[in-house]
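Working notes, beginning with the structure itself.
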Amino acid sequence: MHESKIRDEELCFYDKKKLKTQQIIQLPSAEKWGYTMFKFQKSKMLLATGLLAMAGTANAGYTFDLSDNDKLSFGGFIKVDARYIDGNVGYKKFWTGSGAPLAEDASQFKMFANESRFNTKYVHGDVTGFIEMDFYGSAGNEIISNSDNPRLRHAFIKYKNVTVGQTWTTFMNTSALAETADFGGPMVGEAFVRNTQVRYTMGNFQVSLENPETFGGDTANDSMPDVIGKYTFKGDWGNVSVAGLFRQLSVDADNDETGVGYSVAGRIKTTGKDDIRFQLHGGNTGRYVGVAAAKDIVNGEAEESVSYMAAYRHYWNDTTRSSVFYGNITTDESDIDHTHWGVNLFKNFTKQLSFGVEVGQFTQDESDTDSFYTQFSAKYVL
């Protein structure tokens with residue numbers, strides 16, 4: 001079929017044996033832009049470390065080739081979860097670094113679709129703009145419409161080696177996140193935060209100035225950006241990153257503490273498609289690790305913490321896989337000891353559609369509380 005035979009607003013699919021995913025669209029208004037058609041190609045949006053939301057969930061997308069130098073992409077996924085929790089740590093849609101201890105055991109079941117997300121990327125030569133949102137903003141309710149609000153995840157501009165905007169902290173290695181049904185997996189042992197930042201990349205080395213926030217301190221006097229440096233060793237075997245963190249932590253208007261932390265994280269290939277993912281963090285990492293498990297300042301002192309996670313992912317066959325994971329964090333000043341473990345099974349019924357089930361436990365030793373959970377998920381990648 002020739003392009004000239006395609007009518008306005010008509011979507012034509014070519015022989016799948018010749019062009020499996022390529023589709024062509026001609027829009028009536030295209031001539032205003034000096035084009036006669038758009039080539040519409042479905043492809044994987046492989047975003048480098050720090051660009052995508054979750055490791056292991058690379059989102060297929062739709063890319064419009066506007067010109068030789070301009071591309072507009074859309075992507076994301078729809079994810080629906082059913083979650084049951086039983087124990088004396090209060091219900092959460094996903095485990096963070098801490099939970100509310102309950103006086104008595106409670107059981108709760110909920111279904112939700114908050115993790116669903118949508119992203120847009122525009123590439124013009126050496127310039128890339130990316131924005132993404134999910135629906136973990138302010139909560140709706142089940143009484144009327146479950147109208148949860150959108151939440152900004154990423155919004156950044158990248159020009160050559162410089163990235164400016166909100167995205168994953170440079171302190172993170174996103175490839176070292178476990179594949180889980182629970183939104184973040186063992187967050188207690190993970191570096192997991194998005195910051196507004198200025199980042200410079202030179203080969204395998206990255207350095208950034210990132211938004212300061214003294215969790216537990218005097219945020220009104222945060223006057224110096226956090227400084228982060230990271231080097232990533234890469235090869236056919238996988239990758240390992242080593243990162244350092246330097247911070248000025250504001251205790252009050254007259255007192256500051258110096259915070260220094262480290263991170264070693266990576267993903268190592270084993271046999272077949274299997275891999276091991278791990279993270280180890282220590283020092284004054286505070287809010288960068290554990291998702292609110294550890295504060296930056298406790299009793300006027302910089303909190304010290306040690307956190308770690310490990311996950312092994314095994315492929316039973318090309319479409320079925322499991323992960324077993326374990327994470328823990330301990331702190332000095334607040335004497336916290338939190339653990340999250342789990343095991344899951346995912347099955348792809350098509351390249352875009354998968355279903356999963358996960359069981360696990362979240363424990364807070366200092367309050368002698370714990371809850372077990374079971375979660376089912378359905379995910380359709382756009």
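Throughout, read-outs are computed from the coordinates displayed, never taken from laboratory work. Fair warning: this is a prediction, and the values are worked out from it, not measured in the lab. For neighbour counting, all protein chains shown are included, and Cβ atoms are generated from backbone atoms with ideal geometry for every residue, glycine included.
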Handout entry: Of VAL291, PHE376, ASN348, farthest towards positive along the dipole that unit charges on Lys, Arg, Asp, Glu beta carbons give the range 283-382
Key = ASN348
Problem - Isotropic mean projected area of the C-alpha convex hull, the range 286-366 (nm²) - result: 6.3
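Just the ratio, please: alpha-carbon radius of gyration of the range 253-322 over 2.2 N^0.38 Å, N its number of residues. Mind dumping the intermediate values first?
Numbers: Rg = 17.6 Å, N = 70, 2.2 N^0.38 = 11.1 Å.
With N residues counted in the range 253-322, Rg over 2.2 N^0.38 Å equals 1.59.
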Completion exercise
Within the range 336-382, DSSP-loop chymotrypsin sites (Phe, Trp or Tyr not before Pro) with at most 14 other C-beta atoms within 10 Å are PHE349
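Figure the gain on full extension for ASN221 and ALA292 (residue separation times 0.36 nm, minus the Cα-Cα span) and round it to one decimal in nm. Working shown, then result.
Values: separation 71, 0.36 × 71 = 25.56 nm, distance 2.03 nm.
Stretched fully, the ASN221-ALA292 segment lengthens by 23.5 nm.
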Fill in the blank from the handout: Given a Förster distance of 56 Å, the FRET efficiency implied by the Cβ-Cβ spacing of VAL127 and PHE355, rounded to the nearest 0.05, works out to 0.90
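Using the beta-carbon distance between PHE205 and ARG151 and R0 = 41 Å, what value does 1/(1 + (r/R0)^6) give for FRET efficiency, to the nearest 0.05?
0.85
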Handout entry: Qualifying chymotrypsin sites (Phe, Trp or Tyr not before Pro) in the range 306-340, DSSP loop, other Cβ atoms within 10 Å at most 16
Key = TRP316
Problem - Centroid-to-centroid separation of the range 281-301 and the range 179-247 [C-alpha atoms, Å] - result: 13
Completion exercise
Sparse-neighbourhood loop hits (chymotrypsin sites (Phe, Trp or Tyr not before Pro), the range 109-191; DSSP loop; Cβ within 10 Å at most 16 others) -> none
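Nearest 20 debye, what's the magnitude of the dipole of the range 242-319 about its Cα centre given +1 on Lys and Arg Cβ and -1 on Asp and Glu Cβ?
Working: 8 positive and 11 negative charges, 137 e Å.
Its charge dipole is roughly 660 debye.
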